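Derivation of every value follows stated rules applied to the coordinates shown; laboratory data play no part. Keep in mind the model is a prediction, meaning the values are calculated, not measured. All Cβ positions, glycine included, derive from the backbone under ideal geometry; neighbour counts span all protein chains shown.
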Amino acid sequence: MEFKIYRAKETELIEGCQRQNREAQHALYRMYSGKMYALCCRYVKDRMEAEDVLVTAFTKIFDKIGQYKGEGSFEGWIRRVMVNESLTYLRKNKSMYLETDIEEAAYEPDYHKLENQLEADDLMKMIEALPVGYRTVFNLYTIDGYSHQEIADQLGISENTSKSQLSRARALLQKRIIELERELIQKMN
């Protein structure tokens, strides 16, 4: 049986991967690797290291695909493996708790002015630039939908630490948005 990415159904790919069929594994990798690489990059700043995390996670997916019981979204199951592997990488590299001091934002940005000027890429770059701990909690809570209790369990921190990291991440992002707005206003004048 030949597994073409555009022909194979997800269930056929899963069954092929459970039989350790290399073509099915390759097709599954091609189907999800782009989206999952972007997910890994949200947690692991260095692109080469994010790629290593991606490959390690896919290896685990292929080894443990029998654990997927067909309940819920298969892509969701893959996403959870990717997030867990990204967090494992961060824990191993002890870079999770690097923080920077931030100043209080005394100026509220005018989001209506920015909505047409601030691109999604700009926002993703700002999130990428956050310190690792802030970025990790921000991604888990805001983008991936984890609760503070789930984040605390995943990272081995308290629920209050998770809330604090999220608050600091938001404040730092707000500060950077304000700076960007000021730059844009100066360019327009």
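Residue-wise HN-Hα couplings along the stretch 35-51, as the Karplus relation 6.51 cos²θ - 1.76 cosθ + 1.60 with θ = phi - 60° gives them from phi, are 5, 6, 5, 4, 4, 4, 5, 5, 9, 10, 5, 6, 5, 5, 5, 5, 5 Hz; Gly and Pro carry x.
In this structure, the amide hydrogen of Y146, modeled 1.01 Å from its nitrogen in the peptide plane, lies closer than 5 angstrom to those of Y141, counting only residues at least 5 positions away or on a different chain.
Ranked for footprinting exposure by Cβ neighbours inside 10 Å, fewest first, K45, K125 give K125, K45. Length gained on full extension, M124 to R19: 34.0 nm, using 0.36 nm per residue less the C-alpha separation. For the stretch 54-59, the Karplus equation 6.51 cos²θ - 1.76 cosθ + 1.60, evaluated at θ = phi - 60°, returns couplings of 4, 5, 4, 5, 5, 4 Hz by residue, with Gly and Pro reported as x. Note on L184 and K35: the model spin-label points, each 7 Å out from Cα along the C-beta direction, lie 2.9 nm apart. Counting beta carbons within 10 Å around each of R19, R170 and listing the fewest first gives the order R19, R170.
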